[in-house]
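First up is the structure itself, then whatever we jot down about it.
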Amino acid sequence: MGKKKMPIGIEDFAEIITQGFYYVDKTGMIKELLSDWGKVNLFTRPRRFGKSINMSMLKYFFEIGTEKSLFDGLAISKETELCEKYMGQYPVVSISLKGIEGANYSAARSMAVDVINEEARRFSFLLESTNLIPNEKELLSRLMDRGMEDGVLVSSLRNFTELLEKHYGKKAIVLIDEYDVPLAKANECGYYDEMIKLIRGMFHQALKTNPNLEFAVLTGCLRVSKESIFTGLNNPKMYTLLDARCDEQFGFTDDEVREMLAYYDLREYYDITKEWYDGYRIGRANVYNPWDVINWCDQLLTNSNKVPRSYWTNSSGNEEVKRFIQKMGNGVTKTQIERLISGETVQKKIEEQLTYDTMYDSVENLWSLLYAAGYLTQSEMPSGNLVRLTVPNTEVRSIFRDYVLKLFEKKIAKDGTTVSAFCESLKNGNAAEVERLFAALMKNTISVRDTAVRKEFKESFYHGLLLGILGFKDGWSVDSNRESGDGYYDIAIEIEDEEIGIVIEVKYAENAQFEQECERALKQINDNDYTAELKDDGMRTLLKYGVACYKSQCKVVVELEVNDPE
């Protein structure tokens, strides 16, 4: 019998269970939710942390007529008394707002109507109900109409609960997934006030003093302030990143990742999986990003390239990090960014209640946003609202590094004189001047500190700085990380009209061991014959550079070789 498939992009709980997909059991959330009981419950988690699949799981558990066998063998099935009392016992209204991303309010409103239309069609059987009067059936028909009026749209969720309670004689459960996506898009596109008025109205109708509501669960990335959207709700129960309740129910625990890797015979990849995708702390739990782990395991099973990639950070524009890096020198210090990229911590006051229209207004809000969005995580249990923050893993650290490098490129683009002098010195084999100019250019950016972060990561940072400088030199052919001889060089340059070839190997000089690392770099170039490709391309003058970097200092050595084919 073959292995179960990886559930990439599958958010329907029943499909995962019945169609042979691997499922990490999060049904324990049901018991925790019921034990902790809140009338309105909001879970805030970063994107792609399993919110949608958990909401689908809740729907299938509680909804009248559900296929109870879906939960056979899962953790919740052991809670027999709870299952008898709650499983399949409630009408459920379940919508997702993640698709409401219109470029303007009119488009976004139409998308919201589509969401309500779809849920109304799911309840079309109510048109035959003997418990509903004609006016109530007409209301359901209006909820199916794409041309519904504002009043019908605003009261739609409440009307669903009323019609379902009338038909079944039981209060309804309301599930709203990704409640804040429409607000994020509205803020981006300039119609925030209109959208927040719509969402506030819908929530007010459905969640405040609704006699037809059993309870509600909402998910989102941000805990949008009560004053802006949850006006009038009586103390909605919040499950934030700082809360220990349900802290293991979103994201994969270490045991769950070990079990998955073992199931697919991938145990040997545990350490690199942990380095790249672990590191998030929710409440008291340490968890992995589930989207990353699933995609990484799929790559290991289907692709011969066993090098980890960024999956989560590549699934959005990473605007939060971009804004943060741009604040360097304007409320965000170089030292703070250096600490984060190097794996250290900074302590900040976290504001858990934000509004999308003010989240970039201050550096303080930006720190809170980076935390809520998953780019930073807590390194230990906080003291009040002071949280010690750190970058969770190599994947997220890489996105910080990449934006630092982009900012560096913008700065050095304004210093063409120094860049030209650097390149001229590099071509002429003047190691001392290359060293001096590189150090001068590095003053325009952060440095990397001596920490537990892998040496390869530190070297790749300085590698990126060099590539950023060389990218401004016209007429040079610059390659990076390509195979030549018996290995992969860091940087190779061909200056064809002068038949000059340059190979650069970059090392991080821990504890300022510059001489030792430069020697090691040159030895690596020679031992692996990194100049082989340059020789094949007819380069006659070969310059082999060993570059060792430590914080904002560097040491450069060069070795000359003449290639005379004759």
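The values are calculated or read from the model by the stated rules, or taken from the named source; none is laboratory data. Only a predicted model underlies this, so the values are computations on that prediction, with no experimental measurement involved. Backbone-built Cβ (ideal geometry, glycine too); neighbour counts: all protein chains shown. Accessible surface is based on the protein model in full, side chains and every heavy atom, while ligands, DNA and RNA are left aside. Shrake-Rupley method; radii C 1.70, N 1.55, O 1.52, S 1.80 Å.
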Hey, residue 171 closer than 22 Å to residue 150 by Cα and open to solvent by 30 Å² or more (accessible area, probe 1.4 Å) or not
no
Out of the residues in segment 13-65 that are assigned to a loop (DSSP other than H, G, I, E, B) and of a type in the set (Ser, Thr, Tyr), state the one that is surrounded by the fewest Cβ atoms within 10 Å (Cβ to Cβ).
23
Can you tell me which residue is farthest from the chain's Cα centre (by Cα) among those in segment 426-442 that are over 18 Å from residue 518 (Cα atoms) and free of Cβ contacts under 8 Å to residues at least 24 places away in the same chain?
428
Conditions (1) under 30 Å from residue 376 (Cβ atoms); (2) out of contact with any helix residue (DSSP H, G or I) (no Cβ under 8 Å at 6 or more places or on another chain); number of the one not met by residue 29
(2)
Restricted to segment 153-168 and to residues being open to solvent by 10 Å² or more (accessible area, probe 1.4 Å) and either in contact with a His (Cβ under 6 Å, 6 or more places away or on another chain) or in contact (Cβ under 8 Å) with a residue 24 or more places away in the chain (or both), the residue nearest to residue 229 (Cα to Cα) is 154
Taking segment 242-265 and the residues there that are buried (at least 17 other Cβ atoms within 10 Å of the Cβ) and either hydrophobic (A, V, I, L, M, F, W, C) or free of Cβ contacts under 8 Å to residues at least 24 places away in the same chain (or both), the one that is farthest from residue 30 (Cα to Cα) would be 261
Residue list for segment 64-80, filter: among the acidic types (Asp, Glu) and within 25 Å of residue 165 (Cβ to Cβ):
67
Restricting to segment 299-329, give me the number of residues that are open to solvent by 30 Å² or more (accessible area, probe 1.4 Å), within 19 Å of residue 457 (Cα to Cα) and assigned to a helix (DSSP H, G or I).
1
If I ask for residues that are farther than 14 Å from residue 176 by Cα and either part of a loop (DSSP other than H, G, I, E, B) or free of Cβ contacts under 8 Å to residues at least 60 places away in the same chain (or both), which ones from segment 91-110 would you list?
91, 101, 102, 103, 104, 106, 107, 110
Among (1) touching a Phe, Trp or Tyr at 6+ places or on another chain (Cβ under 9 Å); (2) in contact (Cβ under 8 Å) with a residue 60 or more places away in the chain; (3) among the polar types (S, T, N, Q), where does residue 66 come up short?
(2)
Criterion: in a helix (DSSP H, G or I), hydrophobic (A, V, I, L, M, F, W, C) and either out of contact with any helix residue (DSSP H, G or I) (no Cβ under 6 Å at 6 or more places or on another chain) or under 23 Å from residue 562 (Cβ atoms) (or both) - qualifying residue of 408, 461, 438, 422
438
Please verify whether segment 500-519 includes one or more residues that are assigned to a strand (DSSP E or B), under 37 Å from the mean Cα position of the chain (by Cα) and at pLDDT below 95.
no
Every residue from segment 266-298 that is open to solvent by less than 40 Å² (accessible area, probe 1.4 Å) and outside any helix (DSSP H, G or I)
266, 278, 279, 280, 282, 283, 285, 287, 288, 289
With the checklist (1) of a type in the set (Lys, Arg); (2) more than 25 Å from residue 453 (Cα to Cα); (3) modelled with pLDDT under 95 in hand, flag the one item residue 401 doesn't pass.
(2)
What are the pairs, 6+ residues apart or on separate chains, where a residue within segment 464-481 that is farther than 15 Å from residue 494 by Cα has its Cβ under 6 Å from a residue that is among the charged types (D, E, K, R)?
468/409
Residue in segment 335-355 that is least open to solvent (accessible area, probe 1.4 Å), counting only those that are part of a loop (DSSP other than H, G, I, E, B) and at pLDDT 90 or above
342
When residue 486 is run through (1) under 39 Å from the mean Cα position of the chain (by Cα); (2) of a type in the set (D, E, K, R); (3) under 30 Å from residue 339 (Cβ atoms), the failure sits at (3)
How about segment 442-490: which of its residues are more than 18 Å from residue 276 (Cβ to Cβ) and among the hydroxyl-bearing types (Ser, Thr, Tyr)?
445, 447, 462, 477, 480, 484, 488, 489
Scanning segment 373-396 for residues that are buried (at least 22 other Cβ atoms within 10 Å of the Cβ) and in a helix (DSSP H, G or I), the one farthest from the chain's Cα centre (by Cα) turns out to be 394
What number of residues in segment 481-516 are within 20 Å of residue 458 (Cα to Cα) and open to solvent by 40 Å² or more (accessible area, probe 1.4 Å)?
9
